[in-house]
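Here is the structure we will look at, set down as structure tokens.
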Amino acid sequence: MKDFFIRNNAYHIWATNLLYDSIVSLSDEDYKKDLGLFFKSIHGTLNHLLIVEKVWYSRLKGDVYIPSSLAEEIETDRQTLKSRMVESLELWNSLISGIDSSIWDTKFRYKTMRGFEVELIYCDVIQHNFNHRTHHRGQITTAITQLGGNSPEIDYVYYLQTKGK
């Protein structure tokens, strides 16, 4: 399980870097344009991803990070946002590496941002985080093509083929 999640996180770092490479040529206007995404723009969606990374990472570390909103703009500059996102994703490697194998199927308890107590299986919480990243990257790739750009091929199978895994 641990090796799977470390490999999965490496994929997400790879996919995030490719995604950022594909938006570097977008004008600031297009990058911040409301395209009807849940968090409106590519910029808004990337900020949301960073916020949620911080929320889940802090929960799993036993801390509490509560942003003012899931749509909060915590980084205005796109290059700094990329750096912070990749740094955040890299933190997951040490978190996952340090997980005792006996807890994968145990219950993980946390409070939602609305204050509700929730109990989920530990490995499902981590998998949710990975799925959440994929979901929003999919929205961003659609936005890139709507803007006339080239969307990167970031399916997991491409990562595996590229990395020879």
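Quick note: the coordinates plus some simple rules give every number you see, no bench work behind them. As the structure is a computational prediction, the values presented were derived from the model and not from experiment. Counting neighbours? That spans all protein chains shown, and the Cβs are built from the backbone with ideal geometry, glycine included.
List of remarks:
- Close contacts from region 48-75, counting a first residue that is under 15 Å from Val86 (Cβ atoms) and a second that is part of a loop (DSSP other than H, G, I, E, B), with Cβ to Cβ under 6 Å and a gap of 6+ residues or different chains, come to Lys54/Tyr65.
- Looking across region 135-162 at every residue that is in a helix (DSSP H, G or I) and touching a Lys or Arg at 6+ places or on another chain (Cβ under 9 Å), the one that is surrounded by the fewest Cβ atoms within 10 Å (Cβ to Cβ) is identified as Leu160.
- Long-range neighbours under 7 Å by Cβ, at least six apart or interchain, first residue assigned to a helix (DSSP H, G or I) within region 111-126, second polar (S, T, N, Q) and surrounded by 10 or more Cβ atoms within 10 Å (Cβ to Cβ): Tyr122/Thr106
- Per-region count, region 99-110, residues under 29 Å from Ser68 (Cβ atoms) and either in contact (Cβ under 8 Å) with a residue 60 or more places away in the chain or not basic (Lys, Arg) (or both): 2
- Of all the listed residues (Lys61, Lys33, Lys2), the sole one being of a type in the set (Lys, Arg) and surrounded by 15 or more Cβ atoms within 10 Å (Cβ to Cβ) is Lys33.
- Residue within region 82-101 that is hydroxyl-bearing (Ser, Thr, Tyr) and either part of a loop (DSSP other than H, G, I, E, B) or touching a strand residue (DSSP E or B) at 6+ places or on another chain (Cβ under 8 Å) (or both) present: no
- When each of Ser68, Ser94, Ser101, Ser41 is tested for being polar (S, T, N, Q) and under 23 Å from Asp21 (Cα atoms), the lone residue that passes is Ser41.
- Just one of the listed residues (Ile51, Ile42) is touching a Pro at 6+ places or on another chain (Cβ under 7 Å), crowded, with 19+ Cβ neighbours inside 10 Å and aliphatic (A, V, I, L, M), and it is Ile51.
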